[in-house]
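Please read the structure below before turning to the comments.
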Amino acid sequence: QVQLVESGGGLVQPGGSLRLSCAASGIIFNIWHMGWYRQAPGEQRGLVARITSAGITNYADSVKGRFTISRDNANNTVYLQMNSLKPEDTAVYYCNSWPFRSDYWGQGTQVTVSS
C-alpha cells in the first residue's frame, strides 16, 4: 500500500522560508519521479516542482529561483525548500509521483504566508 506523508508546513511571514518533507512507503522510491503540488482555495491543484529518478529538476515559473526540490533515496523522502515566500504561495502542499496517481494523494500540509 502506497503512503505519502507530508510535513513541515506552517505560518510564515512574507520573505520567510519553510522546508517541506514527504516520506514515502510502499513504492520502490528510487525509480519513481516525484513531484510537489499545491492547491489554493478556489483553485485547481497544480504542479510546483518535480524531480526525476535521476535527480533532474523542473519548476513552475512562479517558484523558479525560490523553491528547490530534492530527494533522499536512502530515506525514501522528497523535500521542498521554499525561500522568499510570498502570500500567493499560500496553499495546501502535496507530494505525489510525477505524473501523479490519483490514489496516491496524502493529506497535504498547509502553508500560510501572511504578516
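The values are calculated or read from the model by the stated rules, or taken from the named source; none is laboratory data. Because the structure is a prediction, the values reported are computed rather than measured. Reconstructed Cβ throughout: ideal geometry from the backbone, glycine too, with neighbour counts over all protein chains shown. Note: accessible area is taken over every heavy atom of the protein model, side chains too, but ligands, DNA and RNA are not part of it. Shrake-Rupley method; radii C 1.70, N 1.55, O 1.52, S 1.80 Å.
Annotations for the structure displayed:
- Distance between modelled label sites at Ser70 and Gln1, nm, 7 Å Cα→Cβ extension: 3.2 nm
- Beta bridge orientation in the chain: antiparallel %, DSSP, nearest 5: 90 percent
- Local net charge near Tyr94, Cβ-Cβ under 10 Å (Lys/Arg +1, Asp/Glu -1): +1
- In order along the range 104-114, the Karplus-derived 3J(HN,Hα) couplings, from 6.51 cos²θ - 1.76 cosθ + 1.60 at θ = phi - 60°, round to 9, 4, x, 7, x, 9, 7, 10, 10, 10, 7 Hz, and Gly and Pro are given as x.
- Rg followed by Dmax, in Å, when the range 5-75 is reduced to its Cα trace: 13.1, 37
- Once the 1.4 Å probe is applied to the protein heavy atoms, the range 1-72 comes out at 54 Å² accessible per residue.
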